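The values are calculated or read from the model by the stated rules, or taken from the named source; none is laboratory data. Because the structure is a prediction, the values reported are computed rather than measured. With ideal geometry, Cβ positions are generated from the backbone for all residues, glycine too; neighbour counts draw on all protein chains shown. Remember, those area values only see protein heavy atoms, side chains included, never the ligands or the DNA or RNA. Shrake-Rupley method; radii C 1.70, N 1.55, O 1.52, S 1.80 Å.
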Amino acid sequence: MIEKTKRSIQWIIDNGTFFLPKKKRYAGIHLIAEFWNGKMVEDERELEEILAETVRVSESTALKTLVYKFSPQGITGVVLLAESHIAIHTWPELNYTAIDLFTCGEKSRPYKALEYLKKKLQPQRVEIKKIKRGRSII
C-alpha cells in the first residue's frame, strides 16, 4: 500500500534569458493532448493497464484510479496522483481521445508519459497544449 503524505510544492525553475532576466518558477506542468484517429480503447481493464503504465513511466505516485464505461460508447479513466492527476477520455464516434497530464514537482516526467501514450495509442494527428500551473516570478 502506498503511504499517503501531504504534497509539498517543489518549484520548477526556468533559467532566465536575455529578454527575461528574472527566474520564473511554477508549481507544475499541465499537458493537454488531443489524439485523433488512433487506437480507441473501450475496455475498462485495458484502460486501467494503460493508466498504470502511464503513472509508472511518468515516475509519479498513484493514489486512486477510477474508470467509467459509458453506454453505448466512450470511456473515462482518471488517476489521482500525489503529484496531481492523469485523465483519459474517449469519444469513439469522433475517433478522438482527450488526455490530461498534470504533474508537479521536480521528479515527475509528464513528457515521458505523453510519449508512452503516443506509442500505445498511435494517433494519426496530435495537438499538445502546455500550461505552466502556479506560475510566479522570483
Inset, instruction - Give, as residue ranges, the strands (runs of 3 or more DSSP E) completely inside region 56-123 that count at least 2 residues that are over 18 Å from D43 (Cα atoms), in contact with a Leu (Cβ under 8 Å, 6 or more places away or on another chain) and touching a residue at least 24 places away in the same chain (Cβ under 8 Å). - result: 62-69, 96-104
Legend entry - So I128, is it in a strand (DSSP E or B), within 16 Å of V41 (Cα to Cα) and at pLDDT 95 or above: no
Legend entry - Output for region 69-90, where each listed residue is open to solvent by 20 Å² or more (accessible area, probe 1.4 Å), farther than 25 Å from R133 by Cβ and not charged (D, E, K, R): F70, S71, P72, Q73
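Have a look at L47, L117, L101, L121 and point out the one that is touching a Pro at 6+ places or on another chain (Cβ under 7 Å), open to solvent by less than 20 Å² (accessible area, probe 1.4 Å) and modelled with pLDDT of 95 or more.
Working: L47 fails: touching a Pro at 6+ places or on another chain (Cβ under 7 Å); L117 fails: touching a Pro at 6+ places or on another chain (Cβ under 7 Å); L121 fails: touching a Pro at 6+ places or on another chain (Cβ under 7 Å).
The unique qualifying residue is L101.
Out of K112, K107, report the one residue that is at pLDDT 95 or above and of a type in the set (D, E, K, R).
Working: K107 fails: at pLDDT 95 or above.
Within the list K112, K107, the selection yields K112.
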Legend entry - Residue list for region 71-107, filter: in contact with a strand residue (DSSP E or B) (Cβ under 8 Å, 6 or more places away or on another chain) and among the hydroxyl-bearing types (S, T, Y): T76, S84, T90, Y96, T97, T103
Inset, instruction - Could you figure out which of (1) under 13 Å from the mean Cα position of the chain (by Cα); (2) under 16 Å from W36 (Cβ atoms) isn't true of G74? - result: (1)
Legend entry - Yes/no for E106 being open to solvent by 70 Å² or more (accessible area, probe 1.4 Å) and not basic (K, R): yes
